[in-house]
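The values are calculated or read from the model by the stated rules, or taken from the named source; none is laboratory data. What you are looking at is a predicted structure, and each value in this text was computed from that prediction instead of being measured. All Cβ positions, glycine included, derive from the backbone under ideal geometry; neighbour counts span all protein chains shown.
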Amino acid sequence: MYPDQNPNQNQNQYSIDYLNQIAPQPQKSGVKDKFFFFIIGGGLVIAAIVLLFIFTSSSNGPTQKMQTLSARMTTLQKISGDTQKNLKSGDLRSTNSNLTIFLTNANRDIVEPLSSNNVDVKKIDQKITKAEDGAALTQKLEDARLNAVLDRTYAREMTYQLQTIAALMQQIYDSTNSKKLKTFLEKTDADLQPLIKQFSDFSGAEG
């Protein structure tokens, strides 16, 4: 044994090393923590996008229904104009003439309210224009003309078509916050209701 060596030195060194080994090691913030914060951040971003979409949709109103309304009124304007010359009843011709004027004005006046709600009447979805092309109604009216029952059939069909327009406008009115669109719908419905009654009365009188 060397004269200057402490006989307890090895024992103390062993004890310190052993304690360091068995002591719990602090965990390092690594990939797991970063991944956790990434998931939380991503979830918040998605939630914000969803809320923005809902807010935008509710403020602009139901786009599909607005497009359908525009397409349907455009189609009925053409059908009413084309059918006018084939109607026999003077009263029905007068009512139908008023309908054509009403639809012409409505199709003109609807452009701005829809535009303010991000709907371009010249860029209606093709699926909607196809569904609202009026082909089936046009064929039904032609068959009625060939069977000499056009007036009665036309009055009945127009009553139904105009009622669907009124119902569609009510749905849009209840779903939009646009003041311009609400004002248009209120005025248009007020002008439409007398026409619905006139067509309905004629259809009922004709049996």
Specify the residue that is surrounded by the most Cβ atoms within 10 Å (Cβ to Cβ); the eligible residues are those in the stretch 92-104 that are in contact (Cβ under 8 Å) with a residue 24 or more places away in the chain and not aliphatic (A, V, I, L, M). Asn96
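With the requirement that a residue be surrounded by fewer than 14 Cβ atoms within 10 Å (Cβ to Cβ), in contact (Cβ under 8 Å) with a residue 12 or more places away in the chain and assigned to a helix (DSSP H, G or I), what does the stretch 192-207 give you?
So the first thing to find is which residues in the stretch 192-207 are surrounded by fewer than 14 Cβ atoms within 10 Å (Cβ to Cβ), and the list is 193-194, 197, 204-205, 207.
Next cut, in contact (Cβ under 8 Å) with a residue 12 or more places away in the chain only: 193, 207.
Gln193 - this is the single residue of the stretch 192-207 that is surrounded by fewer than 14 Cβ atoms within 10 Å (Cβ to Cβ), in contact (Cβ under 8 Å) with a residue 12 or more places away in the chain and assigned to a helix (DSSP H, G or I).
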Let me confirm something: among Ala106, Ala190, Ala148, Ala155, which residue is of a type in the set (A, V, I, L, M), touching a Ser or Thr at 6+ places or on another chain (Cβ under 8 Å) and farther than 24 Å from Gln64 by Cβ? Ala155
Residues in the stretch 130-144 that are in a helix (DSSP H, G or I) and crowded, with 17+ Cβ neighbours inside 10 Å: how many? 3
From the option list Phe202, Phe184, single residue qualifying as over 26 Å from the mean Cα position of the chain (by Cα) and of a type in the set (Phe, Trp, Tyr) is Phe202
Could you please give the count of residues in the stretch 75-120 that are closer than 21 Å to Met169 by Cβ and either of a type outside the set (Ser, Thr, Tyr) or not in a helix (DSSP H, G or I) (or both)? 25
Could you list, in sequence order, the residues of the stretch 158-186 that are more than 22 Å from Glu132 (Cβ to Cβ) and in a helix (DSSP H, G or I)? Lys179, Lys180, Lys182, Thr183, Glu186
Any chance the stretch 163-182 includes a residue that's loosely packed, with under 14 Cβ neighbours inside 10 Å and on the phi > 0 side of the Ramachandran plot? no
When Asn118 is run through (1) at positive phi; (2) more than 17 Å from the chain's Cα centre (by Cα), the failure sits at (2)
Determine if the stretch 80-91 includes at least one residue that is modelled with pLDDT of 95 or more, exposed (fewer than 14 other Cβ atoms within 10 Å of the Cβ) and closer than 12 Å to Leu195 by Cβ. no
By residue number, the members of the stretch 140-161 that are touching a residue at least 60 places away in the same chain (Cβ under 8 Å) and either within 26 Å of the chain's Cα centre (by Cα) or within 30 Å of Ser116 (Cβ to Cβ) (or both) are Met158, Gln161
